[in-house]
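Here the structure is laid out as C-alpha cells; the discussion comes afterwards.
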C-alpha cells in the first residue's frame, strides 16, 4: 500500500521539525505535544488536514472554508482535538485540550503539561542553573543551545523572562513546580523528584 506524503502549502513534508519528527508513540511525542503540533499548523494547511486526516462530515468541513482569523484558530483546535483523539483516545485529547487552554488562555489546569522530575542530586547548593535545567527537561540538546535561547530572550520561568544564562532555579521553586516556556509555544514543567 502506498499513500502520498502529507505536504504543507510550501510543498515541504509535514511532521518534521527542527528537533525531529512528530511521533504517534506517546513516549516519543506526548499527547500534549502531539495536540500542540496540530494546533500550530499554518492557516493555509488547516482545512486540507481536516479533510485528509479526520472523520468529520464533509459538509461540516466545507462550512469552515470561509472561516478567517479567530474562526481559523477554532478550526485548528478542532483539528488538534480530532487527531489527538484518533491517535491517543478521547481522554488524552481532553487532557491536552484542557492543558492548552490553561497555558494559552489562562485559567484551567496545567497538570497535563509535559513534566520532568529533577532529582535532588542535580542541585548544587540548593539550586540548578537554567541551562542545566533546560537540558534535563529536553528543551535544549546542550548548554550551548540553551545559552543561546536565554541570551535571545526566548526563555521564561514562571512567566518571567530569564535575565541571564547564570539564572538558577531554587529547590523551593522546584518543590512548587516551575513552568518553563521556550519561545512562544513550547511549555514544560519541572518539579523536584
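Quick look at the values:
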read-out: Strands (runs of 3 or more DSSP E) lying entirely in the range 77-193 (those with 3 or more residues that are on the phi > 0 side of the Ramachandran plot); value: none
read-out: The range 117-145, residues that are crowded, with 16+ Cβ neighbours inside 10 Å, under 21 Å from residue 185 (Cβ atoms) and in contact with a strand residue (DSSP E or B) (Cβ under 8 Å, 6 or more places away or on another chain); value: 130, 133, 134, 136, 137, 139, 140
read-out: Residue identified as loosely packed, with under 15 Cβ neighbours inside 10 Å and either outside the structural domain of residue 146 (by TED's automatic domain parsing) or closer than 21 Å to residue 137 by Cα (or both) among 56, 103; value: 56
read-out: Every pair of residues 6+ apart whose Cβ atoms lie under 6 Å, when the first sits in the range 61-88 and is in the same structural domain as residue 40 (by TED's automatic domain parsing) while the second is outside any helix (DSSP H, G or I) and surrounded by fewer than 16 Cβ atoms within 10 Å (Cβ to Cβ); value: 75/67; 87/24
read-out: Test: residue in the range 156-176 that is under 21 Å from the mean Cα position of the chain (by Cα), under 21 Å from residue 29 (Cβ atoms) and without any contact (Cβ under 8 Å) to a residue 12 or more places away in the chain; value: no
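So that you can scan it fast, the table gives a plain yes or no per residue for (1) within 13 Å of the chain's Cα centre (by Cα); (2) surrounded by fewer than 13 Cβ atoms within 10 Å (Cβ to Cβ); (3) modelled with pLDDT of 85 or more; (4) in the same structural domain as residue 86 (by TED's automatic domain parsing):
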| site | (1), (2), (3), (4) |
| --- | --- |
| 3 | no, yes, no, no |
| 7 | no, yes, no, no |
| 21 | no, yes, no, yes |
| 25 | no, yes, yes, yes |
| 32 | yes, no, yes, yes |
| 37 | yes, no, yes, yes |
| 41 | yes, no, yes, yes |
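The values are calculated or read from the model by the stated rules, or taken from the named source; none is laboratory data. Note that the structure is predicted; figures quoted are calculated from it, not measured. Virtual Cβ from ideal backbone geometry, glycine too; neighbours counted across all protein chains shown.
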